[in-house]
Amino acid sequence: MNTRILLIFFVLLVTVLAFSEVMSEGNLDEKLQKPISLVDVKTVKHPPIRIGEKLTYRVKIGWAPVGQRIDYISKKTIIQDEPIYHITSSAKTGALVSFYRFKSLQYTYLNLEKLQPIRFRNQLQDKKYSAIVEINFNDGKAEYNKKSQVNSKAPQKQDVKTIEIPTGTQDELSMVYFLRCKEIIPGSTYYFPMISKGKVVKVELKVTHGEQMKAKGLGKVNTLMVQTSNGSRLWLTDDIFRLPIRIEFDTKIGKTTAELTKREIVR
């Protein structure tokens, strides 16, 4: 298996489950309607953010399983009189790809009232390479700090900067929950800002009705499909939960998928 393709996929999986990192410069069909700012779209009446929700995904390239991802809404706290949700995400390769070890641990603190992150952290290990990225969000700016090493014996590199950000800017994990909480309408195209690789990018998404799908533990469900200009596809359940149940991403060695295999409410 091409390890570079595997790395690319896991980076995409960790940063938005393979559907988020798409720049506005992508050539969407010019006939589509003018994109709508998702930041300005109304939040659903009952946001599907529930303490203890744990989502487990199986990741495959073609028929071969290559790893697992787990997203978990672990707790709620109050900061400056506003509800803040602590959300974690872990991803790693499995035993069948022992020749290529990859793992990542992310967390975000998400302000549910404003649907904006206030803090993000990603700890990454890719074979010998390691990196820690931390972002603190403030009004109109974000403090970005990245520390990385090519290997344990190499000198540590550090990238520290202040980034000017638009209202509603998301991080690589918060954006999944931001999307789930918005009243997206099939036939519409949306955009929103996100910090990726140390800069603000404009993520653009087209929403359509998806096919009815069978999800483990959920039975048959109606879906909404979210598609990007590079052809990546995400299916959300078309109900109050808006669960991300399937992600597809085409590579040179075959179709890569991440499928929801378990939804738990952990007390």
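Derivation of every value follows stated rules applied to the coordinates shown; laboratory data play no part. This one's a predicted model, so the numbers in the text were calculated from it and none came from an experiment. Glycine also receives a Cβ, built like all others from the backbone with ideal geometry; neighbour counts cover every protein chain displayed.
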(request) When a/c is below 1.5 the answer is rounded, else prolate if a/b is larger than b/c, else oblate, so apply that to the stretch 3-265 with a ≥ b ≥ c taken from the square roots of the Cα gyration tensor eigenvalues. (result) rounded
(request) May I ask you to compute the full-extension gain from Thr167 to Leu218, defined as 0.36 nm times their residue separation minus their alpha-carbon distance, rounded to one decimal in nm? (result) 14.8 nm
(request) Extending each Cα 7 Å along its Cβ direction at Lys42 and Lys141, get the distance between those two points in nm, one decimal. (result) 3.7
(request) For Asn151 paired with Glu113, estimate the spin-label separation in nm (one decimal), with each label point 7 Å from Cα along the Cα-to-Cβ line. (result) 5.1
(request) Rank by packing, highest mean first: peptides 142-154, 255-267, with packing defined as the count of other Cβ atoms within 10 Å averaged across residues. (result) 255-267, 142-154
(message) Starting from the Kirkwood Rh over alpha-carbon pairs, what translational D in µm² s⁻¹ does the stretch 79-223 have by Stokes-Einstein at 10 °C and 1.306 mPa s?
(response) 91
(request) Only Cα pairs under 8 Å and at least 6 apart count here; give the relative contact order of the stretch 95-225 as a rounded whole percent. (result) 15
(message) Taking a virtual spin label 7 Å from the Cα of Ala64 along the C-beta vector, which residues in the stretch 234-267 bring their backbone nitrogen under 18 Å of it?
(response) 249-259
(request) Give the Rg/Rh ratio for the stretch 198-267, taking Rg as the radius of gyration of the Cα atoms and Rh as the Kirkwood radius, to two decimals. (result) 1.02
(message) If I model a spin label as a point 7 Å beyond the Cα along the Cα-Cβ vector, how far apart are those points for Arg263 and Thr208 in nm?
(response) 2.4
(message) With a cap of 13 neighbouring Cβ atoms within 10 Å, and only residues DSSP puts in a loop, list the trypsin sites (Lys or Arg not before Pro) found in the stretch 44-107.
(response) Lys45, Arg50, Arg101
